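I have placed the structure first, in the form of structure tokens, so that the comments after it can refer back to it.
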Amino acid sequence: MTASTGSTGNTVNTASTGDTASIGDTGSTGNTASTGDTARRTGDIVEISQTLARYAVTITQGDIEGLTAVFAPDGTYSAFGDTYPLAEFPALVAAAPKGLFLTGLPVIDFTGADTATGTQPLCFIDHSTHDMRIGYYKDSYLRTEAGWRLRTRAMTFIRRNGNHDSGIPHAYKAAE
């Protein structure tokens, strides 16, 4: 379904049909969503965006408790050729370089009433050298009793040669 946001021609697609929730996409159905559907999806977009902002702020500040709180209980992070469950986050983050996680606005696609996927750009700036790493996160989101949470987050790095990859293993090794 699609709902017009006024004379600008921008639209917000609703989730019940799995349509994309993005401004400017007119969708293929041409149906008009109710004001309630549009307000609900707009609220969902804001809540997911705030969850992702909390991710960036908490990891930048080294707040592991806050970081894990933005994930669903079965949440995972994928990078460096592996997928890590929440239980491994403290050691994973401790071994990672420290710095600023500067993220952009996500693109969010609703796949159901309580599920969505998205992509969010990242520019990481190392605190000691100010070297940058750029890339993007590919996410899945789940509405839980605590609100929208990350279910999965997978990092893709963009290399100087233009390649996109999940990175090379770093100092972190899961406890045997």
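Some notes on this structure:
- Some residue of region 73-92 being under 13 Å from the mean Cα position of the chain (by Cα), surrounded by fewer than 17 Cβ atoms within 10 Å (Cβ to Cβ) and of a type outside the set (Val, Ile, Thr): no
- Members of region 51-72 found to be under 15 Å from the mean Cα position of the chain (by Cα) and not polar (S, T, N, Q), listed by number: 52, 53, 54, 55, 56, 57, 59, 67, 69, 70, 71, 72
- Check on residue 49, under 22 Å from residue 157 (Cα atoms), in a strand (DSSP E or B) and open to solvent by less than 50 Å² (accessible area, probe 1.4 Å): no
- Qualifying residue in region 137-145 (condition: closer than 13 Å to residue 55 by Cα and among the acidic types (Asp, Glu)): yes
- Pairs, first at positive phi in region 75-94, second open to solvent by 60 Å² or more (accessible area, probe 1.4 Å), C-beta under 8 Å, six or more apart: 80/168; 80/169; 81/168; 81/169
- Of all residues in region 123-140, none are under 28 Å from residue 37 (Cβ atoms) and not in a strand (DSSP E or B).
- In region 158-176, the residues that are closer than 17 Å to residue 77 by Cα and modelled with pLDDT under 90 form no Cβ pair under 8 Å with any partner that is loosely packed, with under 10 Cβ neighbours inside 10 Å and of a type outside the set (A, V, I, L, M, F, W, C), whether six or more places apart or across chains.
- Qualifying residue in region 101-120 (condition: in contact (Cβ under 8 Å) with a residue 60 or more places away in the chain, closer than 18 Å to residue 158 by Cβ, touching a helix residue (DSSP H, G or I) at 6+ places or on another chain (Cβ under 9 Å) and surrounded by 14 or more Cβ atoms within 10 Å (Cβ to Cβ)): yes
The values are calculated or read from the model by the stated rules, or taken from the named source; none is laboratory data. All values reported here derive from a predicted model rather than from experimental measurement. Cβ coordinates were reconstructed from backbone atoms using ideal geometry, including for glycine residues, and neighbour counts include every protein chain displayed. All accessible areas refer to the heavy atoms of the entire protein, side chains included, with ligands and DNA or RNA removed. Shrake-Rupley method; radii C 1.70, N 1.55, O 1.52, S 1.80 Å.
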